[in-house]
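The values are calculated or read from the model by the stated rules, or taken from the named source; none is laboratory data. What you are looking at is a predicted structure, and each value in this text was computed from that prediction instead of being measured. Positions of Cβ are backbone-derived with ideal geometry, glycine not excepted, and every protein chain shown enters the neighbour counts.
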Amino acid sequence: MKKEHEYSTTVKWTGNQGTGTSNYREFERSYSISTVNKPDIFGSSDPAFRGDKTKYNPEEFLVVSLSSCHMLWYLHLCSEAGVIVMEYADNATGKMVETANGGGHFTEVVLNPKVRVVESSMIEKANELHKKANELCFIANSVNFKVDHHPSCFCD
């Protein structure tokens, strides 16, 4: 039997300035994201689409989802393989292209994890485990574009 997991969130538009969507320029693209027992997150569209640059946008959330899913699988695999990770940071990037009809799609996301391990003997295995983490990542397996990795690993 397959294990299934359900996720529930509420997205609420908070950008009504009193006249709703009566005019393209008269409403904010702001919204809140909530779920039970967690703090709200405030988002907007990308500033290129009239959004608030001080809030996260859906495109950033997609890149963050890929990066954090990869990291969590990676840390799990490292713990099983005896690779002791002391620090992990990823400066992930994503590229989206707009289409002629006004829509768009992502063409790539690149993860750039920088990992610190406790011993130099762990570096080779630490670098190898990124491939397996990508194969197992729920989010990477759900997108229709390539998720690439350029990891670096070091020890003190």
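Structure summary
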{"read-out": "Residue list for segment 36-51, filter: modelled with pLDDT of 95 or more and within 25 Å of PHE106 (Cβ to Cβ)", "value": "ILE41, PHE42, GLY43, SER44"}
{"read-out": "Selection count, segment 76-104, where residues are part of a helix (DSSP H, G or I) and among the acidic types (Asp, Glu)", "value": "1"}
{"read-out": "Unmet criterion (only one of (1) on the phi < 0 side of the Ramachandran plot; (2) more than 19 Å from the chain's Cα centre (by Cα)) for VAL64", "value": "(2)"}
{"read-out": "Which listed residue is under 12 Å from the mean Cα position of the chain (by Cα), without any contact (Cβ under 8 Å) to a residue 40 or more places away in the chain and more than 26 Å from TYR24 (Cα to Cα), from THR93, THR107", "value": "THR93"}
{"read-out": "Residue in segment 52-63 that is surrounded by 16 or more Cβ atoms within 10 Å (Cβ to Cβ), at pLDDT 95 or above, part of a helix (DSSP H, G or I) and aliphatic (A, V, I, L, M) present", "value": "yes"}
{"read-out": "Single condition VAL85 does not satisfy, out of (1) among the aliphatic types (A, V, I, L, M); (2) farther than 25 Å from THR14 by Cβ; (3) surrounded by 14 or more Cβ atoms within 10 Å (Cβ to Cβ); (4) under 16 Å from the mean Cα position of the chain (by Cα)", "value": "(4)"}
{"read-out": "Hey, LYS114 within 15 Å of SER79 (Cα to Cα), within 19 Å of the chain's Cα centre (by Cα) and either at pLDDT 95 or above or of a type in the set (Gly, Ala, Ser) (or both) or not", "value": "no"}
